[in-house]
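Written below as structure tokens is the structure these notes are about.
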Amino acid sequence: MPSSRKLFSDSKKVIPSGVNSPVRYFEPYPFFTKKSKGSHIWDEDGNRYIDFCNGYGALLLGHRRKEIIQAVSKQLTQGTLYCTPTQSELELSKLIIGNFPSIEKVRLVNTGGEATMTAIRLARGFTKKKKIIKFEGCYHGAHDSVLVKAGSGSAHNGISVSDGGLNEVSKNTLVVQYNNAEDLEKTIRKNKDVAGVIVEPILANMGLILPENNFLSDIRKITKENNVPLIFDEVVTGFRVSPGGAQKHFGIKPDITTLGKALGNGFTIAAVGGKKEIMDLLSPGGKVYQASTFAGNPISVSAAISSLKTINKIKNRLYAKLEKYNLLFTRALDDIATDMKIPHQINSTSSMFQIFFTNKPVINYQTSKNANAKKFQKMFNSLLKNGVFTAPSQFEVVFLSDAHTQTDLNKALDSYQIALKSVKN
Ligand SMILES: Cc1ncc(COP(=O)(O)O)c(C=O)c1O
């Protein structure tokens with residue numbers, strides 16, 4: 001790929017590591033994208049890929065979805081930024097609240113990280129307590145409170161994973177094991193200073209890890225009994241798992257919810273919402289400060305309104321189709337890997353899946369870490385060579401979109417078959 005190679009070499013001179021987000025880098029160099037449409041993405045060398053990365057889950061409706069492009073084009077003729085309230089923000093807020101019964105009030109922000117940062121500050125402001133509990137392996141953005149690492153075992157104080165990240169901040173983040181409600185209960189009991197618990201209801205940042213049996217209902221019960229606000233980080237799962245996110249799917253009501261990604265179907269927008277009594281603490285009415293020049297910007301808001309209206313209009317067909325495609329694809333993939341006698345696990349739900357090269361079920365951070373990442377890398381490289389773009393890391397997820405067709409999936413399956421052969425050898 002001579003064009004991508006040259007562009008990467010030039011980019012490295014002016015952009016740190018040549019990329020604007022770390023996960024975009026892979027060896028020997030990432031392809032540079034020229035355009036996208038529907039279920040495909042094209043690089044600067046003219047190669048076309050079936051897109052299984054889909055903006056890390058953002059593009060639920062596919063690239064350049066007609067309804068969204070029309071809405072955004074119309075807004076472009078009206079203005080791009082006002083920094084005043086707009087009727088559109090009101091309309092979008094009502095749409096979000098309509099889909100998420102746990103959300104009584106919502107504030108629009110720009111990114112998922114901004115949403116979780118605000119959610120955590122709200123929890124601290126509400127409880128006047130300090131400590132946050134997160135689950136091992138969950139990712140909530142690149143800010144100090146959640147960018148923490150803990151050893152295996154339970155309830156470690158967080159240590160920043162980043163130079164420059166303050167341990168004075170991250171030591172207030174306690175890390176417990178995903179799919180282990182007992183661990184959470186013990187930690188809450190031991191620490192009287194817990195301001196909130198944040199969780200990805202479906203863990204999509206260690207590959208894909210599903211919540212076991214009563215895990216989510218148990219952590220809801222534990223947090224309620226201990227008066228600790230529960231934050232569902234639905235930046236990935238919101239609108240993707242159902243029109244009302246994972247909370248609707250599992251029938252659980254958190255106190256605070258964060259949304260992003262599929263909310264704008266490719267445009268920069270996110271949201272934090274929840275109970276009135278918590279949300280009303282936000283400034284200027286309350287004392288929890290949060291602000292942004294670009295929050296509620298008319299372009300992203302028009303994209304999100306169109307996105308949510310489209311989702312709500314086609315929801316019966318949309319979620320049934322995605323689920324069916326995902327099920328058929330992962331079953332076929334499982335058959336291929338089994339026939340080849342490759343030790344593997346496939347975790348999948350709604351429109352997401354991941355394959356791990358391991359004998360043991362993948363249910364938390366450690367079991368995901370134990371899978372063979374080298375084999376995953378081999379598979380990724382082969383898939384790319386054969387026209388399928390997945391996220392380059394074992395710890396990401398394959399996302400399907402409404403734009404994928406049966407033909408795309410058949411082609412992708414052929415590529416996986418070749419890729420799995422390369423893994424076997
Ligand atoms: C569950 C979850 N929360 C928050 C974030 C951060 O979102 P953003 O990258 O928009 O800041 C991500 C990003 O991948 C995520 O997966």
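The values are calculated or read from the model by the stated rules, or taken from the named source; none is laboratory data. None of the values given here were measured: they were computed from a predicted structure. Using ideal geometry, Cβ is built from the backbone for each residue, glycine included, and neighbour counts are taken over all protein chains shown. The accessibility values were calculated without ligands, DNA or RNA, using every heavy atom of the protein model including side chains. Shrake-Rupley method; radii C 1.70, N 1.55, O 1.52, S 1.80 Å.
Out of everything in the range 248-303 that is charged (D, E, K, R) and more than 16 Å from the ligand (Cβ to nearest atom), what residue ends up being farthest from SER39 (Cα to Cα)? Selected residue: LYS287. The condition of being in contact with a Leu (Cβ under 6 Å, 6 or more places away or on another chain), more than 22 Å from GLN354 (Cβ to Cβ) and surrounded by 13 or more Cβ atoms within 10 Å (Cβ to Cβ) holds for only one of PHE8, PHE32, that being PHE32.
Scanning the range 366-412 for residues that are outside any helix (DSSP H, G or I) and aliphatic (A, V, I, L, M) yields ALA371, VAL388, ALA391, VAL397, VAL398, LEU400, ALA403. If the condition is being hydrophobic (A, V, I, L, M, F, W, C), closer than 30 Å to LYS6 by Cβ and in contact with a Phe, Trp or Tyr (Cβ under 8 Å, 6 or more places away or on another chain), then the range 32-80 contributes PHE32, ILE41, TRP42, ILE50, PHE52, CYS53, LEU59. Within the range 225-239, is there a residue that is within 16 Å of the ligand (Cβ to nearest atom), hydroxyl-bearing (Ser, Thr, Tyr) and under 22 Å from PHE399 (Cα atoms)? Yes, the conditions are met somewhere in the range 225-239. Counting only residues that are of a type outside the set (Gly, Ala, Ser) and open to solvent by 40 Å² or more (accessible area, probe 1.4 Å), the range 101-143 holds 14 of them. Within the range 203-216, residues that are among the polar types (S, T, N, Q) have Cβ atoms under 6 Å from residues that are within 15 Å of the ligand (Cβ to nearest atom) in these pairs: ASN205/TYR139, counting only partners at least 6 apart in sequence or on another chain.
Confirm whether VAL148 is within 16 Å of the ligand (Cβ to nearest atom) and touching a Lys or Arg at 6+ places or on another chain (Cβ under 6 Å). When the stated conditions are applied, VAL148 does not pass them.
Selection of the range 267-326 for residues being outside any helix (DSSP H, G or I) and charged (D, E, K, R) yields LYS275, ASP280, LYS287.
For beta carbons closer than 7 Å, sequence separation of 6+ or different chains, a first residue in the range 346-374 that is closer than 17 Å to GLU200 by Cβ and a second that is crowded, with 20+ Cβ neighbours inside 10 Å and of a type in the set (Lys, Arg), the qualifying pairs are SER350/ARG240; SER351/ARG240.
Select from the range 56-72 the residues that are within 14 Å of HIS404 (Cα to Cα) and surrounded by 19 or more Cβ atoms within 10 Å (Cβ to Cβ) and write down the one among them that is nearest to the ligand (Cβ to nearest atom).
GLY57
Taking residues in the range 159-179 that are aromatic (Phe, Trp, Tyr), and partners anywhere that are in a loop (DSSP other than H, G, I, E, B), the pairs with Cβ atoms closer than 9 Å and at least 6 places apart or on different chains are TYR178/GLU136; TYR178/GLY137; TYR178/CYS138; TYR178/GLU200; TYR178/MET206; TYR178/PRO211; TYR178/ILE363; TYR178/ASN364.
State whether the residues of the range 116-131 include one that is among the β-branched types (Val, Ile, Thr), in a strand (DSSP E or B) and within 16 Å of the ligand (Cβ to nearest atom). No: zero hits. Evaluated against (1) open to solvent by 50 Å² or more (accessible area, probe 1.4 Å); (2) within 17 Å of the chain's Cα centre (by Cα); (3) of a type in the set (S, T, N, Q), GLN87 falls short on exactly one condition, (2). When the range 351-365 is filtered for residues that are outside any strand (DSSP E or B) and in contact with a Leu (Cβ under 6 Å, 6 or more places away or on another chain), only SER351 remains.
Is at least one residue of the range 385-406 crowded, with 16+ Cβ neighbours inside 10 Å and free of Cβ contacts under 8 Å to residues at least 60 places away in the same chain? Yes, the range 385-406 contains a residue that is crowded, with 16+ Cβ neighbours inside 10 Å and free of Cβ contacts under 8 Å to residues at least 60 places away in the same chain. Of all residues in the range 76-103, those being under 22 Å from GLU200 (Cβ atoms) and either among the polar types (S, T, N, Q) or not in a helix (DSSP H, G or I) (or both) number 5.
Cβ separations smaller than 7 Å between residues 6+ apart or across chains give the following pairs from the range 1-19 residues that are polar (S, T, N, Q) to residues that are assigned to a helix (DSSP H, G or I): SER11/GLY18.
Quick one: would you say LEU308 is farther than 23 Å from PHE32 by Cβ and modelled with pLDDT of 95 or more? Yes: the conditions hold for LEU308.
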